[in-house]
1. Where a ≥ b ≥ c are the square roots of the eigenvalues of the C-alpha gyration tensor, would you call the range 203-266 rounded, which needs a/c under 1.5, or, failing that, prolate if a/b is larger than b/c, or oblate?
2. Taking a ≥ b ≥ c as the square roots of the Cα gyration tensor eigenvalues, with a/c under 1.5 meaning rounded and otherwise prolate when a/b beats b/c, else oblate, which class fits the chain?
3. What does the helix-only formula give at 222 nm for the chain: each DSSP H stretch with n ≥ 4 adding -39500 (n - 2.57), the total divided by the residues, and the result rounded to the nearest 500 deg cm²/dmol?
4. Heavy atoms only, probe 1.4 angstrom, no DNA, RNA or ligands counted: give me MET159, MET37, MET309 ranked by accessible area, highest first.
5. With every protein chain left in place, what is the accessible area of THR175 in Å² (1.4 Å probe, nearest 10)?
6. Counting only the heavy atoms of the protein chains, how much of LEU49 is accessible to a 1.4 Å probe, in Å² to the nearest 10?
7. Quick check: with the 1.4 Å probe, what order do ARG53, ARG90 take by accessible area, largest first?
8. Answer rounded, prolate or oblate for the range 323-367, using the Cα gyration tensor with square roots of eigenvalues a ≥ b ≥ c: rounded when a/c is under 1.5, else prolate when a/b is larger than b/c, else oblate.
Amino acid sequence: MASLVQLALVFGGFLAVRSWLAVSSANTARVAAALSMLEQALGDDARLLEVQRWLEREWGGRVRLTRVDGTPLSQSPDAPPEFDAETLARVLAGERVEDGDLVSAALPAQAPRLLVRLEFAPVLLPRQVLGGFSVLGLAALAWVLTRTVAQPVRRMVVMAERLASGDLSARTGLTRRDELGALATALDALGGRLQQARLSEQELLANVSHELRTPLARIRVALELAEAGDAEAARDSLRSISTDLGELQQLLDDVFTVARLSTAGGSASLTLRPVHVPLSALLTRVAQRFVELWPTHHLELRDAAGAPMVCVDPVLLRRAVDNLVDNAAKYSDDGTTVRLSVRRRDALLELVVEDQGCGVPPAELGRVFTPFFRGEHVRARGTGGVGLGLTLARRIVEAHGGTLRLESDGVRGTTVRLTLQAL
Ligand SMILES: Nc1ncnc2c1ncn2[C@@H]1O[C@H](COP(=O)(O)OP(=O)(O)OP(=O)(O)O)[C@@H](O)[C@H]1O
Ligand SMILES: [Mg+2]
């Protein structure tokens, strides 16, 4: 765009110079023609007067004719002033003297008989007037183009360069309703997303390193005990090391899966391996695991037998549902029931997990799907956990094109609804 503006300016400049040359060459031609006409009329005063009138009438000329002995011959009403001594000497020496528009000469130049001073108003031919307007028009166009196109584009380029150099706070700050405005808004949104992604990445790293620290510290203590103590202490230490390693493994697995399931514009970077499976079989396995892991709770599996076939990644979807039923058990008292039911709603399958636990306070409802978020009240229960279960479950479900929502009044338990497309 800048080069377009430069081109317009160069072209405008060319027209300006051309107009100026045309104007000055037109005047030069008139002076030459006038002197020649006067020279041809020399010796015939009446003819000289006729030429003078013609020059006045046709070309707007102002003429002063003086005989070489200094006596005036004729002059226009607003004729140029009389010769000053210096100009007179120069014209008598055969020179043509030009002072702005005023031209002084002696005729004939070699043997002067007549002294002439004449002046023409500047010539503005229609062509030149047009040229002048084109220059102005082009200059205005260049100005408008610069303001409306080149400047915003330059701002976007600067913004993109700042983004590329790592300054993710860069924004164009443009608010326009045209295509350039749409482009600027898209660029600003891109900047926002990049900045958000970097913040999440930093937060994730901080959280992961924080969560790794505790089991690693416990492992170190256990190893030191084993080193210093007897065989009994060493066996105990090995057991707790094994538990901590299990926790570490789980944490790393979860972080890894969450990271790979990060949805960018709806597409997950982790490839799902969907297969057709009966939902009932998948839920039965969830129930078996639950019974082994949570003997303190009852599981009520409703309507699973009639559940249809689904096309899902069975490993990932089971992981999501396991997390939901684990939460239901973790955050409810021993002896209570966790209900897992399936319903068909038109083209959707709805899987519902209900518990009779402590519920989620309204203030925390909006944050439970944030990585590493753990509720204030559940920390006190000492159940363990890092706050990745729901994040993971939602990403898995969304990668399948489904939705995951959590409802709770903060007092009487929690209901989590998972929907999937039915086949
Ligand atoms: N069924 C539930 N009842 C009460 N609170 C819940 C329930 N499910 C989730 N929450 C709240 O949401 C928070 C986030 O749940 P999430 O499953 O992501 O993490 P977590 O259970 O704390 O840890 P993790 O699942 O990583 O072991 C929990 O800490 C808790 O505050
Ligand atoms: Mg959980």
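The values are calculated or read from the model by the stated rules, or taken from the named source; none is laboratory data. Predicted model only: the values in this text are computed from it and were never measured. Side chains included, ligands, DNA and RNA excluded: accessible areas come from the protein's heavy atoms. Shrake-Rupley method; radii C 1.70, N 1.55, O 1.52, S 1.80 Å.
1. On the way: a/c = 7.25, a/b = 2.95, b/c = 2.46.
Prolate.
2. Prolate, since a/c reaches 1.5 and a/b exceeds b/c.
3. Working: 12 runs with 227 residues, N = 423.
Calculated at 222 nm, the ellipticity per residue is -18500 deg cm²/dmol.
4. Working: MET159 5, MET37 60, MET309 90 Å².
The ordering from most to least exposed comes out as MET309, MET37, MET159.
5. 130
6. 60
7. Values: ARG53 125, ARG90 85 Å².
The residues order as ARG53, ARG90, largest area first.
8. Numbers: a/c = 2.84, a/b = 1.41, b/c = 2.02.
It is oblate, given that a/c is not under 1.5 and a/b is not larger than b/c.
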